[in-house]
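**Student:** Before we start, here is the structure in question, set down as structure tokens.
The values are calculated or read from the model by the stated rules, or taken from the named source; none is laboratory data. Here the structure is a predicted model, which means the values were calculated and not measured. Methodologically, a virtual Cβ is constructed for each residue, glycine included, from the backbone with ideal geometry; neighbour enumeration extends over all protein chains shown. All accessible areas refer to the heavy atoms of the entire protein, side chains included, with ligands and DNA or RNA removed. Shrake-Rupley method; radii C 1.70, N 1.55, O 1.52, S 1.80 Å.
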Amino acid sequence: MGIENLNEWTAKVNALKKYTTNILALEKVKIFAGSTMQTICQVGREDPRRVFHSLKVGFSLTLVTLLYLMEPLFEGIGQNAIWAVMTVVVVLEFTAGATLCKGLNRGLGTFLAGSLAFLIEYIAQKTGHVYRAIFIGTAVFVIGAAATYMRFYPYIKKNYDYGVVIFLLTFNLITVSSYRVHNVLKIAHERFYTIAIGCGICLLMSLLIFPNWSGQDLHNSTVSKLQGLANSIEACVNEYFSNDTIDEDKEKSLEDPIYKGYKAVLDSKSTDETLALHASWEPPHSIHCYRLPWQQYVKLGDVLRHFGYTVVALHGCIQTQIQTPKSVRALFKDPCIRVAAEVTKALMELAESIKNHRQCSPEILSDHLHQALQDLDTALKSQPRLFLGSKATNAKTNMYALAAATAREKSSQNYGASLSSVKTDTSALLKWKSQRVREQGKEADKKMLRPTLSKISVTSLEFSEALPFAAFASLLVEAVARLDLVIEEVEELGRVANFREFDSSNDRVVVICQKPEMGNAAPSKNNLPSHGPE
């Protein structure tokens, strides 16, 4: 009976363990499914255009699949319908400019490669079988080397690199296949038609059905970068003068609002250049008759990145190990906060002017900013001892340090001399012991001397407490100086893009549709149009 009860209890325990394991596995599956769904929904909430783009890609693939599914279309095109599917997958991008760039590159590369391959085939047919192989091999080598070398040209690399790759691929497929396959010209025609069908569907979906414009993305990105820098400066200065202690976990967190504000600016170079390139392929898509100078947005992005480096340095002042006492910081709190507020206000005004396609206010730098800088300068000059220290105290401390070092050095020398002058007739063992004692004494003196001198040299820097704030204040003034460069670049953008003039009486201007001057000369004020956002 005892063994039967033991077996029964063992079976119950195993069943309970199995049930618990199943429950835990089910809970893990539920947690994983919930987190996955939350991530999927978060991606769509961040930018609803992603949902529409996914639907457009699915619908486009369904259209090209009809080339296989419908019997009349399949008989006319055949197995080459797969090229239309591949074209849709490769060409259909998120924005209309990227789709146009890749679609036109693919179409142009395919057309040129096919035309050149037909010419090579026509010439090769006039020669014998052996000479035909030599001619085709030579043509492949020359065209392949020349096309690859062209890819190193900056203009070709920037605008037509994908087209050159498609040209090489198509040319080699047709030319090499023509040596063994007799109906290669027919196959090339069918492939060209299917690629044209795929490109046409991609352009139709990108330009006419919920289009996403690269130019508008670049425009909105520039506005958000200005706003992010403004928020970062304001939050940075407020946190520096706050009475709360700085949380170390918050310093290292990527969710820090200060870090998020300038990170988007520092990481935007590649994105800005790509968006500007794709925007240059897009047709004018607004109610106005011209496109904006997208390269001017790239120049403005470069200036904003240089401004962002100052914000990074300001943020670093908050996280340094040596901090100025709060009592010292409080002496300069008011003028620093006012300077930061004026810089933030100016950046927000610049963002608003670009967002509304109008020129910025001529009085964007108000007298309040100059007054705040003057007050900060006065406050710094009123506390010279914080930054320069006491000359008398420094001289006395340096004298004590020199005296201590000299005394230590003399003591070491006298001790070594006394040991070396001892002459006895004792055994070699006693002599060896005396040498060991002398060497150990010298090493001990050196070890004592180094920390003493190091400690004296550090404590003699009486201005070290105010030094971190001096760096913070200088960076804040540097931000004001770099703000002038940002304003100049925004004003240049407004002139070249022909933004409407700033009107303090609230937008009572006449809309004049005129192509902006893309050169260095600025358009006259009488020809500047007035229009709202695209």
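**Student:** Restricting to segment 92-105, and then to whatever is surrounded by 22 or more Cβ atoms within 10 Å (Cβ to Cβ) and part of a loop (DSSP other than H, G, I, E, B), can you tell me which residue is farthest from the chain's Cα centre (by Cα)?
**Tutor:** Only one residue tops the list, namely Leu92.
**Student:** Condition test on Leu108, is it open to solvent by 60 Å² or more (accessible area, probe 1.4 Å) and within 30 Å of Asn212 (Cβ to Cβ)? Before you say what the answer is, go through the steps one by one.
**Tutor:** Details: open to solvent by 60 Å² or more (accessible area, probe 1.4 Å): yes; within 30 Å of Asn212 (Cβ to Cβ): yes.
Considered against the rule, which asks whether it is open to solvent by 60 Å² or more (accessible area, probe 1.4 Å) and within 30 Å of Asn212 (Cβ to Cβ), Leu108 comes out as yes.
**Student:** Find the helices (runs of 4 or more DSSP H) located wholly in segment 136-252 whose residues include 3 or more that are hydroxyl-bearing (Ser, Thr, Tyr), and list them. Please lay out each step first, then the result.
**Tutor:** Numbers: elements: 154-159, 161-177, 184-208, 214-240, 248-252.
It comes to 161-177, 184-208, 214-240.
Yes/no matrix, rows are residues, columns are (1) surrounded by fewer than 24 Cβ atoms within 10 Å (Cβ to Cβ); (2) over 30 Å from Val176 (Cβ atoms):
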{"residue": "Glu190", "(1), (2)": "yes, no"}
{"residue": "Gly200", "(1), (2)": "yes, no"}
{"residue": "Ile209", "(1), (2)": "yes, yes"}
{"residue": "Trp213", "(1), (2)": "yes, yes"}
{"residue": "Lys225", "(1), (2)": "no, yes"}
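**Student:** Return the total of residues in segment 147-162 being open to solvent by 50 Å² or more (accessible area, probe 1.4 Å) and over 23 Å from His278 (Cβ atoms). Please lay out each step first, then the result.
**Tutor:** Filtering segment 147-162 down to residues open to solvent by 50 Å² or more (accessible area, probe 1.4 Å) leaves 148-155, 157-158, 160, 162.
With over 23 Å from His278 (Cβ atoms) added as a condition, the list becomes 148-149.
The number of residues fulfilling the criteria is 2.
**Student:** List the pairs whose first member sits in segment 365-384 and is within 17 Å of Thr344 (Cβ to Cβ), whose second member is of a type in the set (Phe, Trp, Tyr) and part of a helix (DSSP H, G or I), and whose Cβ atoms are under 7 Å apart, counting only residues at least 6 apart or on separate chains?
**Tutor:** Pairs that qualify, where the first residue is within 17 Å of Thr344 (Cβ to Cβ) and the partner is of a type in the set (Phe, Trp, Tyr) and part of a helix (DSSP H, G or I), are Leu376/Phe332.
**Student:** Hand me the list of helices (runs of 4 or more DSSP H) wholly inside segment 294-381 holding 3 or more residues that are open to solvent by 40 Å² or more (accessible area, probe 1.4 Å). Spell out how you get there, then give the answer.
**Tutor:** Values: elements: 294-318, 326-329, 333-355, 367-381.
In segment 294-381, 294-318, 333-355, 367-381 are the helices (runs of 4 or more DSSP H) which contain 3 or more residues that are open to solvent by 40 Å² or more (accessible area, probe 1.4 Å).
**Student:** Moving on to the next point. What residue, of Val165, Val181, is more than 30 Å from Ala276 (Cβ to Cβ), out of contact with any Gly (no Cβ under 7 Å at 6 or more places or on another chain) and open to solvent by 30 Å² or more (accessible area, probe 1.4 Å)?
**Tutor:** Details: Val165 fails: more than 30 Å from Ala276 (Cβ to Cβ).
Result of the check over Val165, Val181: Val181.
**Student:** Step by step: first the residues of segment 61-86, then only those that are at pLDDT below 90 and β-branched (Val, Ile, Thr), then the one that is most open to solvent (accessible area, probe 1.4 Å). Which residue is that?
**Tutor:** Ile82
**Student:** Follow-up question, since we're still on this one. Just to be sure before I move on: is Phe32 in contact (Cβ under 8 Å) with a residue 40 or more places away in the chain and open to solvent by 80 Å² or more (accessible area, probe 1.4 Å) in the structure I sent?
**Tutor:** So Phe32 fails the test.
Here's the yes/no breakdown for (1) in contact with a Lys or Arg (Cβ under 9 Å, 6 or more places away or on another chain); (2) closer than 15 Å to Cys202 by Cβ; (3) part of a helix (DSSP H, G or I):
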site: Phe32; (1), (2), (3): no, no, yes
site: Gln42; (1), (2), (3): no, no, yes
site: Gly58; (1), (2), (3): no, yes, yes
site: Leu61; (1), (2), (3): no, yes, yes
site: Leu67; (1), (2), (3): no, yes, yes
site: Ala81; (1), (2), (3): no, no, yes
site: Met86; (1), (2), (3): no, yes, yes
site: Val90; (1), (2), (3): yes, yes, yes
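**Student:** Within the bounds of segment 252-263, is there any residue that is at pLDDT below 85 and in contact with a Lys or Arg (Cβ under 7 Å, 6 or more places away or on another chain)?
**Tutor:** yes
**Student:** Looking at segment 206-222, which of its residues are of a type in the set (A, V, I, L, M), touching a residue at least 60 places away in the same chain (Cβ under 8 Å) and within 17 Å of Ala279 (Cα to Cα)?
**Tutor:** Residues of segment 206-222 of a type in the set (A, V, I, L, M): 207-209, 218.
If we keep only those that are touching a residue at least 60 places away in the same chain (Cβ under 8 Å) as well, we get 207, 209, 218.
Correct list: Leu207, Leu218.
**Student:** Exactly one of these conditions fails for Leu300: (1) within 18 Å of the chain's Cα centre (by Cα); (2) under 30 Å from Leu380 (Cα atoms). Give me its number.
**Tutor:** Failing condition for Leu300: (2).
**Student:** Could you list, in sequence order, all residues of segment 125-135 that are in contact with a helix residue (DSSP H, G or I) (Cβ under 8 Å, 6 or more places away or on another chain), open to solvent by less than 70 Å² (accessible area, probe 1.4 Å) and assigned to a loop (DSSP other than H, G, I, E, B)?
**Tutor:** Thr127
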